[in-house]
Every structure is written in C-alpha cells, then in structure tokens.
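A short worksheet on the structure shown next.
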C-alpha cells in the first residue's frame, strides 16, 4: 500500500520529533493534501525556486526541506514573489512541502552529528543536552583521535563540505594544534560563550557576524578561548541529508528517496584583493 503525505509526516515525526523543535520554529507540513499518495521524496536544505523545480522535474510527490519556508510571517503568497511562487508551483505540481528544522538538529543523527562524523570527531556529545535525554541536543563537542593543525583541519573541512563561493574562513594561527572541537551546524554564534565552546581548541559553525566573532577573538587573547572556523550555513547542513535519506528509506520501504545536489548557498562568487 502506497503511503500518504500523512504517513510521511508521521514517519518524519518519529525520526525527528516535532516536540524537539525550538518554540520559535515552524516545522511540519507546509503545503499538500495529507491524503495524497507519496511514492517519491526529494530532500533539500532550502525550499527555493531551483529545488522546487527539481522536485517537480523528477516527479517527487513530496519535498522535504530543512529550512521552513514560512519561518517568518508573510501577508501574501501571491505567485509574483518568491515564497508564493514556490507554493504555487508545488501545489499545481501536486508536490507536498514538509520541513524538519531544529527538530532535526537535536537528534542523535542530526545536522551537527553529521558534521561531527564527517570530520572524525570521537566521543561526541551535545553542547546543549536535552533535559529529558542528555544524548540529544544542540551542537556537538568531542575530540579527534590525534592533534592536527588548525590549517589541516580547515583543509579537511573544505574537502568534506560541498564547495561554496565563500569556502572556509578561519580565525587563528595556521599551525596552532587542535584536538578538542566544538561545533554547531548552521548558525551557532549564540553558543560562542558556552563553557564547552570556550574550553575547546576550535569552534566550527557558520554565519559568524563581525562583532560576535571579533569579541570572541579578543576575549581569547585575554582569557583564552577557541580558534574559530566559519563555513557555509547551507554546506554545514547539507551533509545531514544523506543520513536523513537513509533513515527515511528504512522508515518508508518502497518509497524512492533522493537528495538534491543543487547548491542553495546564496553566494555566487567572491573577489579577493
């Protein structure tokens, strides 16, 4: 029996419980008929025009994304603007839209866990453990099996992450030895002052803004603290899609599950001086 959109929503909630989402988040079914059948799912980080068109072109019945399309309120979904155009195309094409955001960040095989695995982090545990289950939570902290230089770690990240225009940015000495690593896939500047981050040799995250990054660097000069590695938000979370697809295939036997390779990082190129 072919599962329905409602069945997929239930499977997703079992894998990435909605109860684990942050209060401000907007996860779950965004568009689609719960009774419609689903034989094909496409996974992507963002619901943008390109991934929408890809989902329709491959005949997907459901587009599962990490970032909620309607996280910030809108007053119109007219088709002459981005969010309205995405919803119009999906609805006309009979493709549902479902989002798993912070609920997919905190689970044992979530976004930060995927990044930790990709760089070989051992004994990784959440930076911000859940109150009920301390094995789940935001971010990860752990150790490499041996120390490496900060520069070598940055190069290793550049190899495991999909290529983006902005690449990998680093604050710290190239030859600085690092072993204890704290990380948070996606935007993690809110954790810059977390005790486990301050105690780490390096903190890996994305979307680091000038003032929080500068303050962290200057504080480290006075009181000690980690080097910083800033990577693409999209790239840091794209790594999770393969693990998510594997879990969905197991949860929904017979449903075709694919991962989008389209780059939805917003930057196209950089010009250096």
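Just a few scattered comments:
- Evaluation of residue 116 against (1) surrounded by fewer than 16 Cβ atoms within 10 Å (Cβ to Cβ); (2) assigned by TED's automatic domain parsing to the domain that holds residue 205; (3) part of a helix (DSSP H, G or I) (one fails), failing number: (1)
- Helices (runs of 4 or more DSSP H) contained entirely in segment 157-273, each with at least 3 residues that are within 26 Å of residue 52 (Cα to Cα) and over 15 Å from the mean Cα position of the chain (by Cα): 240-251
- Selection within segment 5-36 - touching a strand residue (DSSP E or B) at 6+ places or on another chain (Cβ under 6 Å) and in a strand (DSSP E or B): 29, 30, 31
The values are calculated or read from the model by the stated rules, or taken from the named source; none is laboratory data. Please read all numbers here as calculations on a predicted model, not as lab measurements. All Cβ positions, glycine included, derive from the backbone under ideal geometry; neighbour counts span all protein chains shown.
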